[in-house]
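Here is the structure we will look at.
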Amino acid sequence: MSGCSTPRATADAEWDALFSRADGWNGGDIARSIDLCDGRTLWLFGDSIFGPVVAGSRVGNSSKMFRDAIAWHDTKRGGAPPASNAITFASPEPFGATAVTPWAQPVPGLWPGGTWYWLMNDGVRITATRDHFLLFATAVGPSGNPDGAWNFRRVGGVILDIDSPSDSPDRWCVHQRINPLVTPDPKFGEPARTRENHAVAVVRVPGEGANDLFMFGVRTGSDGVKSLIVGRTNDLELTDPVRWLFFNGSKWTASHEAAAPLFPGAQDECSVHRVRKNDRGILVLVQSEAFLSRAIVVRTARHPQGPWSAPRRVYEAPDNGPGSFVYAAKGHPHLSRPGELLVTYAVNADFGRVFRDASLYRPRFVRVPLGLLPDPP
């Protein structure tokens, strides 16, 4: 009589290879995927390196780093990655053919000088009154840290409203406006204070009524504890955050300040998706256990407002050597094999190592069997 083996998460070298590149884009973090609902997948990246890779190393004097980048490819059925030549980046390739620029740059006058965008948050395609794609991003600026290390902070949030999303993403027309609910981090030397980041994950949950779009956010307390909060809205009002409703622990209210923490230990970079496990739809949150932790954890719930399960560790990333660190775990259900959840994390190190070793500073992929997910309460 044979015993039953315990399911375990495994690295996916085939997906890893998709972002192992010898020219053009060859490194970036964040790595959020969004199903464009037309047979294409959009990838969002933060600071990205463009340039040649020779003998496994990035060529420093021929490379440049830019604040954000996007890529896209046709979504293949069954969870297989596209061919390496079937993914397209918005900036022209190979590097050097034309000037490479960040995909999204602040329009003049919207933010103070020196502000840039990181594509850390989520997005969703809306077709209720017109076909457009809403992408929520983070506005970032210098923190005033005199030693230069970690000299950045969130200064706010921005909504990127994209006309004609069926077009090639490098030709998208993007309108920008401030998300008034996102509050800035304190500058270096300022006292700690409570602040909020909204729409770090956006998910549609059928069966939850007319307001079936849910926007998960993260509130950071003055004590540094990060908690998940949730709002809800509909297709027509997603563009207007001041009209969103927020769960206060017992009901939905118009006050985002009254939003109740769903659980502590949240991360600003996470994903929430709806998946089917045992023929039942559940919500799955994926994140790194803590900032710079090598552990990836998941939580599940039946409803956006919870209750949410306790976190369960499903994978621990390997140690990539001295000075390396991992972060920004996320799930990608529409790219997953049946019975599994495809998960990414970012691997990073000091700037010198990143250029010497081109296997660093790009997404790593893991296949997590759905049997590893905890049952929702």
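The values are calculated or read from the model by the stated rules, or taken from the named source; none is laboratory data. Because the structure is a prediction, the values reported are computed rather than measured. In this analysis, Cβ positions are derived from the backbone assuming ideal geometry, glycine residues included, and neighbour counts consider all displayed protein chains.
Meeting the requirement of 1 or more residues that are in contact with a Gly (Cβ under 7 Å, 6 or more places away or on another chain), under 26 Å from ASP161 (Cα atoms) and free of Cβ contacts under 8 Å to residues at least 24 places away in the same chain, the strands (runs of 3 or more DSSP E) wholly within region 34-123 are 40-50. Scanning region 342-373 for residues that are of a type in the set (A, V, I, L, M, F, W, C), in a helix (DSSP H, G or I) and touching a residue at least 24 places away in the same chain (Cβ under 8 Å) yields VAL354, PHE355, LEU370, LEU372. When the residues of region 145-163 are filtered to those that are surrounded by 13 or more Cβ atoms within 10 Å (Cβ to Cβ) and not hydrophobic (A, V, I, L, M, F, W, C), the one that is farthest from PRO180 (Cα to Cα) is ASN145.
Residue pairs whose Cβ atoms lie under 6 Å apart, sitting 6 or more positions apart in sequence or on different chains, and linking a residue in region 225-249 that is over 18 Å from ASP268 (Cα atoms) to a partner that is charged (D, E, K, R) and assigned to a loop (DSSP other than H, G, I, E, B), are ARG243/GLU237. Quick check on region 172-195. Is at least one of its residues modelled with pLDDT of 95 or more, under 21 Å from the mean Cα position of the chain (by Cα), closer than 20 Å to ALA328 by Cβ and outside any loop (DSSP other than H, G, I, E, B)? Yes, that holds for at least one residue. One residue stands out among those in region 215-248 that are within 21 Å of ASP161 (Cα to Cα) and among the hydroxyl-bearing types (Ser, Thr, Tyr): the one that is surrounded by the fewest Cβ atoms within 10 Å (Cβ to Cβ), which is THR239. Could you tell me which numbered condition TRP25 fails, if it satisfies all but one of (1) surrounded by 21 or more Cβ atoms within 10 Å (Cβ to Cβ); (2) modelled with pLDDT of 95 or more? The single condition TRP25 does not satisfy is (2). If only residues of region 103-125 that are farther than 12 Å from ARG67 by Cβ, under 14 Å from the mean Cα position of the chain (by Cα) and not acidic (Asp, Glu) are counted, the one that is surrounded by the most Cβ atoms within 10 Å (Cβ to Cβ) is ASN121. Taken over region 267-302, the residue count meeting the criterion of being charged (D, E, K, R), surrounded by fewer than 22 Cβ atoms within 10 Å (Cβ to Cβ) and farther than 18 Å from PRO206 by Cβ is 3.
Candidates in region 180-214 are the residues that are of a type in the set (Asp, Glu) and over 30 Å from ASP35 (Cβ atoms); of these, the one that is surrounded by the most Cβ atoms within 10 Å (Cβ to Cβ) is ASP185.
Given the options VAL354, VAL343, name the one that is under 22 Å from ARG21 (Cβ atoms), aliphatic (A, V, I, L, M), buried (at least 16 other Cβ atoms within 10 Å of the Cβ) and touching a Phe, Trp or Tyr at 6+ places or on another chain (Cβ under 6 Å).
Working: VAL343 fails: touching a Phe, Trp or Tyr at 6+ places or on another chain (Cβ under 6 Å).
When all the criteria are applied, what remains is VAL354.
Just checking, which of ARG177, ARG171, ARG154 is basic (Lys, Arg) and within 21 Å of ASP35 (Cα to Cα)? Just one listed residue meets the conditions, ARG171.
In region 135-169, what residues are among the charged types (D, E, K, R) and in a strand (DSSP E or B)? Lay out the reasoning, then the answer.
So the first thing to find is which residues in region 135-169 are among the charged types (D, E, K, R), and the list is 147, 153-154, 161, 163, 167.
Hits for region 135-169 are ARG153, ARG154, ASP161, ASP163.
Select from region 224-235 the residues that are out of contact with any Ser or Thr (no Cβ under 7 Å at 6 or more places or on another chain) and within 25 Å of VAL298 (Cβ to Cβ) and list them in ascending order. Passing the criteria: GLY224, VAL225, SER227, LEU228, ILE229, VAL230, GLY231, ARG232.
Specify which of the listed residues (ALA128, ALA83, ALA55, ALA71) is of a type in the set (A, V, I, L, M, F, W, C) and surrounded by 21 or more Cβ atoms within 10 Å (Cβ to Cβ). Write out each step before concluding.
Values: ALA128 fails: surrounded by 21 or more Cβ atoms within 10 Å (Cβ to Cβ); ALA83 fails: surrounded by 21 or more Cβ atoms within 10 Å (Cβ to Cβ); ALA55 fails: surrounded by 21 or more Cβ atoms within 10 Å (Cβ to Cβ).
Exactly one of ALA128, ALA83, ALA55, ALA71 is of a type in the set (A, V, I, L, M, F, W, C) and surrounded by 21 or more Cβ atoms within 10 Å (Cβ to Cβ), namely ALA71.
Yes or no: region 84-91 includes at least one residue that is among the aromatic types (Phe, Trp, Tyr) and at pLDDT below 95. Yes, there is a match, as at least one residue in region 84-91 is among the aromatic types (Phe, Trp, Tyr) and at pLDDT below 95.
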